[in-house]
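All remarks here apply to the structure that follows.
No lab work stands behind these numbers, since they all come straight from the coordinates. Treat the numbers as computed from the prediction; the structure is a model and nothing was measured. Cβ atoms come from the backbone with ideal geometry, glycine included; neighbour counts cover every protein chain shown.
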């Protein structure tokens with residue numbers, strides 16, 4: 001079944017809100033188990049994100065903790081949203097134990113300030129999503145921030161998403177600015193694109 005992004009956003013936002021805390025915790029554990037099966041070298045420079053808790057968004061903290069366990073020298077970067085008119089850009093800001101985070105107007109925490117990383121230096125980006133299709137395209141929240149950011153990353157930068165739901169058949173209104181994921185992990189399996 002093909003659907004447009006706006007329809008997918010509405011359906012999958014509502015579906016995610018139906019999960020209980022216990023269901024989310026169980027799926028998070030299953031997502032981590034699937035990630036541990038992924039045959040990749042854990043990279044050193046990882047961009048992650050803080051979840052929008054009120055939308056039951058997947059929290060990648062367990063994934064980044066596992067990456068740190070496997071590669072203690074890794075560094076984490078978080079997106080800092082910069083808006084100019086209708087456009088938004090992402091800055092990748094290094095985070096450590098002393099980084100102060102503040103909730104932005106979209107409902108997720110971001111670093112107040114910090115040292116930027118040039119996007120071409122990032123090895124892996126954990127990308128938030130609402131849904132994805134069998135070709136590896138994702139539906140985010142509709143601002144195009146991540147697609148613009150990924151355009152500035154290296155071609156071999158690993159783009160990975162985590163979804164509580166299986167892939168939909170096809171996103172109908174993909175355009176030339178949409179970036180494909182390399183992997184999307186669900187509680188049941190790993191999709192490779």
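A few remarks follow.
- Residue order, fewest to most beta carbons within 10 Å, for 157, 184: 157, 184
- Whole-Å distance, taken between Cα centres, linking the stretch 32-96 and the stretch 118-184: 13
- Subtracting the Cα-Cα distance of residue 39 and residue 173 from 0.36 nm times their residue separation leaves 45.1 nm of extension gain.
- Among beta bridges that DSSP assigns inside the chain, antiparallel share in %, nearest 5: 55
- Stretching the chain fully between residue 17 and residue 151 yields a gain of 45.1 nm (0.36 nm per residue, less the alpha carbon separation).
- For residue 192 and residue 30, a Förster radius of 22 Å and the Cβ-Cβ distance give a FRET efficiency of 0.80, rounded to the nearest 0.05.
- Relative packing of 34-44, 91-101, which averages over residues the other C-beta atoms within 10 Å, highest first: 91-101, 34-44
- Gyration tensor (alpha-carbon) shape descriptor, the stretch 1-113, a/c threshold 1.5: oblate
- Cα gyration tensor category, rounded, prolate or oblate, for the stretch 2-192 with a/c compared to 1.5: rounded
- Every helix of 4 or more DSSP H residues in the chain counts as -39500 (n - 2.57), and over all residues that averages to -7500 deg cm²/dmol at 222 nm.
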